[in-house]
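Participant: Here it is: the structure, laid out below.
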Amino acid sequence: MTSEMPIRAPSATPVDDAVLPFEVSALDVRGRLTRMGPALDEILTKHDYPAPVGKLLGEAIVLTTLLGSTLKFEGRFILQTQTDGPVSLIVVDFHAPDRLRAYARFDASKLRDGQDSAALLGQGHLAMTIDQGADMSRYQGLVALDGGDLEDAAHEYFLRSEQIPTRVRLAVGEEFRGGDEPKHRWRGGGMLMQFLPKAPERARQADLHPGDLPEGVAAHVVVDDDAWAESQSLFGTIEDVELIDPDLSGERLLFRLFHERGVRVFPMQEVRAQCSCSRDAVAAMLASFAPNDRADMVENGKVVVTCEFCSSVYKFTPEEAGVEKAG
């Protein structure tokens, strides 16, 4: 017994801070589209980031949302970069099914006009960690950052770790609002698309470069499957403005891309900005420090701890922080 899939026009209503899974069965393609507004703006405005740093961190948040929202259990997906560039550290923490927090560490003296995301990152590595909880082992994948941006790193990760033909697009920008006091807010968008044919040999990719290929020997080349070649061609037409346009719904964008082949969407998954810090959690962290370390943290009769993610400030008396009284 079979039932026909419902066919309807794409919704014209834009939805922010959500992930929209989709499928193009005629091309053996599945993917996810995210449009981010208030949640992204809330995270980025917690800190006074220079615009290029905010944009880079926003791209990391969009990428983490695309990847972390695939978790089928209440674990965590953590994206972290450590590099020698002006932005030396990025941490984005996605707590399934829907909570996001993030921050970036940067050296303002190294920032220059015109630096793109790749220049801000520099050389180093990107780590993607799946934490399934205290009783389960962690999974971590590492990707070298050697002059590329986060899209390049994501493609390299899927090539080496997942071995699934994958394309990723990320876009982040500032929307300016008029009025007596012009303000701006951050917007972001991204799409992940994967080729998942039933016959695995159709998804073959070129072998990884061995690093010591003898001179004159041709590298291994695999011609893309026609369906995947068509999918990538359509995917390549996406423009940044389409991913962040507040008036363009995600369903309409997918229809623009794949209407000739037919695209199916699944229920949206909402995401929100929410830090996991609390006074109790900070107190527990302080309790894990050595007594001398806790004593060194006392300034002006208080122990003050600021959350790097959300900038919340927690103040403790020496007694509350477990600092022993002298003599």
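Where a number appears in this text, it was derived from the coordinates with a stated rule and is not lab data. It should be emphasised that the depicted structure is a prediction, and the values quoted were computed from it without experimental measurement. Cβ coordinates were reconstructed from backbone atoms using ideal geometry, including for glycine residues, and neighbour counts include every protein chain displayed.
Participant: Return the loop-located trypsin sites (Lys or Arg not before Pro) in the range 125-193 (DSSP other than H, G, I, E, B) with at most 13 other Cβ atoms within 10 Å of their own Cβ; answer none if there are none.
Facilitator: R138
Participant: Could you tell me the relative contact order of the chain? Use alpha-carbon pairs under 8 Å, at least six residues apart, and round to a whole percent.
Facilitator: For the chain, the relative contact order is 23 percent.
Participant: Cut-off under 18 Å on the C-alpha distance; same-chain residues fewer than 8 positions from K198 excluded. Which aspartates and glutamates are left, in chain and number order?
Facilitator: Candidates past the 8-residue exclusion: E23, D28, E162, D224, D225, D226, E230.
Participant: What value, in deg cm²/dmol to 500, does the helix sum -39500 (n - 2.57) over DSSP H runs of n ≥ 4 give at 222 nm once divided by the residues of the chain?
Facilitator: Mean residue ellipticity, 222 nm, calculated: -6500 deg cm²/dmol.
Participant: Can you find, among V24, P291, G190, the residue sitting farthest towards the positive end of the charge dipole of the chain, where Lys and Arg contribute +1 and Asp and Glu -1 at Cβ?
Facilitator: Farthest along the dipole direction, towards plus: P291.
Participant: Would you mind computing the Rg to Rh ratio of the chain from its alpha-carbon coordinates, Kirkwood style for Rh?
Facilitator: Details: Rg = 22.7 Å, Rh = 22.1 Å.
My calculation of the ratio gives 1.03.
Participant: Among the listed pairs K55/K110; K46/K302; K55/K315; K110/K302, which are separated by more than 22 Å between their Cα atoms?
Facilitator: Over 22 Å Cα-Cα: K46/K302; K55/K315; K110/K302.
Participant: Further question on the same structure: At R0 = 51 Å, how high is the FRET efficiency between S137 and F176 if r is their beta carbon distance? Nearest 0.05 is fine.
Facilitator: Efficiency at R0 = 51 Å is approximately 0.65.
Participant: Okay, next question. Indicate, rounded to the nearest 5 percent, the antiparallel portion of the DSSP beta bridges found entirely in the chain.
Facilitator: So the antiparallel bridges in the chain amount to around 95 percent.
Participant: Loop only per DSSP, at most 11 neighbouring Cβ atoms within 10 Å: give me the trypsin sites (Lys or Arg not before Pro) in the range 44-92, ordered by residue number.
Facilitator: K72
Participant: Check each of the chymotrypsin sites (Phe, Trp or Tyr not before Pro) in the range 255-327 and keep only those in coil by DSSP with at most 16 other C-beta atoms within 10 angstrom; list them in order. Display every interim value, and only then the final one.
Facilitator: Values: sites: F255, F258, F289, F309, Y314, F316; in loops: F289, F309.
Hits after loop and neighbour filter: F289.
Participant: Give me the distance between the Cα centres of the range 222-297 and the range 99-129, rounded to whole Å.
Facilitator: The range 222-297 and the range 99-129 have Cα centres spaced 17 Å from each other.
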